[in-house]
Amino acid sequence: MATSSTVISGNALRVRPPPFTEGKLDGTNYTLWKFKVSVILDSYELLNIVKGPFGSNPELVERDKIPFDEALLRAWKRRNADALCTIVTSVSDSVLTLIQHTTKAHEAWDILSRQYETKNQTRIQNLENQLAEVKHLDSEKAEDFIKRVKNLQDQLAGVGVKISPEDLAQ
């Protein structure tokens, strides 16, 4: 199990979130990935960097909302770097190509949300077709089959389509 690390930064100690070793975002597990990463970011008080009002726009911190403060800007940059590191290390290499050119955690989060949380009809239809055609493979454990079906159900729930247990049984 990965553990967090403590880093001395200037005069302050800061604890970084643990690196991801399992369950990286691969394009098929967005709902579970989002839940796990949100919990991790929140536990390290970094969730507001990806979702909060100053997450996407440190210039607001510098100019408009709060009088410019070099220490505040440095603190935002450290927190952004920690949040971005958490996101980057929690995705597979194929997904990383989507966010490799961003330097802001908020932008990376938004890119992944747009990519995998899309509520367009094509994605919904594709997921529904996958669910309708899912078959238990001879070489597959029942537990793995159930996980695949649950993953499709979770992805559909992530785009606003609820599948009842009765419908799954059919």
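Residue under question is Ile163, and the condition is that it be modelled with pLDDT under 85, more than 18 Å from the chain's Cα centre (by Cα) and of a type in the set (A, V, I, L, M, F, W, C); does it hold?
yes
So in the range 134-159, with the set limited to residues that are more than 18 Å from the chain's Cα centre (by Cα) and of a type in the set (Gly, Ala, Ser), which one is surrounded by the fewest Cβ atoms within 10 Å (Cβ to Cβ)?
Ser139
What are the residues in the range 99-140 that are more than 21 Å from Phe35 (Cβ to Cβ), basic (Lys, Arg) and either touching a residue at least 24 places away in the same chain (Cβ under 8 Å) or in contact with a His (Cβ under 9 Å, 6 or more places away or on another chain) (or both), if any? Reasoning before the result, please.
Here is the first cut: in the range 99-140, the residues more than 21 Å from Phe35 (Cβ to Cβ) are 100-104, 120-122, 125-126, 128-129, 132-140.
Narrowing the set further to residues that are basic (Lys, Arg) leaves 104, 135.
The one that is more than 21 Å from Phe35 (Cβ to Cβ), basic (Lys, Arg) and either touching a residue at least 24 places away in the same chain (Cβ under 8 Å) or in contact with a His (Cβ under 9 Å, 6 or more places away or on another chain) (or both): Lys104.
Among all residue pairs at least 6 apart or on different chains, which show Cβ distances below 8 Å where the first residue, located in the range 22-36, is of a type in the set (Asp, Glu) and the second is open to solvent by 50 Å² or more (accessible area, probe 1.4 Å)?
Pairs that qualify, where the first residue is of a type in the set (Asp, Glu) and the partner is open to solvent by 50 Å² or more (accessible area, probe 1.4 Å), are Asp26/Ser94.
When the range 85-103 is examined, which residues are found to be buried (at least 19 other Cβ atoms within 10 Å of the Cβ) and in contact with an Asp or Glu (Cβ under 9 Å, 6 or more places away or on another chain)?
First, pick out the residues of the range 85-103 that are buried (at least 19 other Cβ atoms within 10 Å of the Cβ): 86-87, 90-91, 95, 99.
Selection gives Val91, Val95, Ile99.
For the range 83-98, indicate whether the set of residues that are free of Cβ contacts under 8 Å to residues at least 24 places away in the same chain and more than 23 Å from Gln155 (Cβ to Cβ) is non-empty.
Residues of the range 83-98 free of Cβ contacts under 8 Å to residues at least 24 places away in the same chain: 88, 93, 96-98.
When the remaining residues are screened for being more than 23 Å from Gln155 (Cβ to Cβ), the result is none.
Among the residues of the range 83-98, not one is free of Cβ contacts under 8 Å to residues at least 24 places away in the same chain and more than 23 Å from Gln155 (Cβ to Cβ), which makes the answer no.
Please go through the range 28-49 and pick out each residue that is over 10 Å from the mean Cα position of the chain (by Cα) and open to solvent by less than 20 Å² (accessible area, probe 1.4 Å).
Those that are over 10 Å from the mean Cα position of the chain (by Cα) and open to solvent by less than 20 Å² (accessible area, probe 1.4 Å): Leu46, Ile49.
The values are calculated or read from the model by the stated rules, or taken from the named source; none is laboratory data. Values in this document were obtained by computation on a predicted structure and should not be read as measured data. Glycine also receives a Cβ, built like all others from the backbone with ideal geometry; neighbour counts cover every protein chain displayed. To get the accessible areas, we keep the full protein, side chains included, count just its heavy atoms, and leave off ligands, DNA and RNA. Shrake-Rupley method; radii C 1.70, N 1.55, O 1.52, S 1.80 Å.
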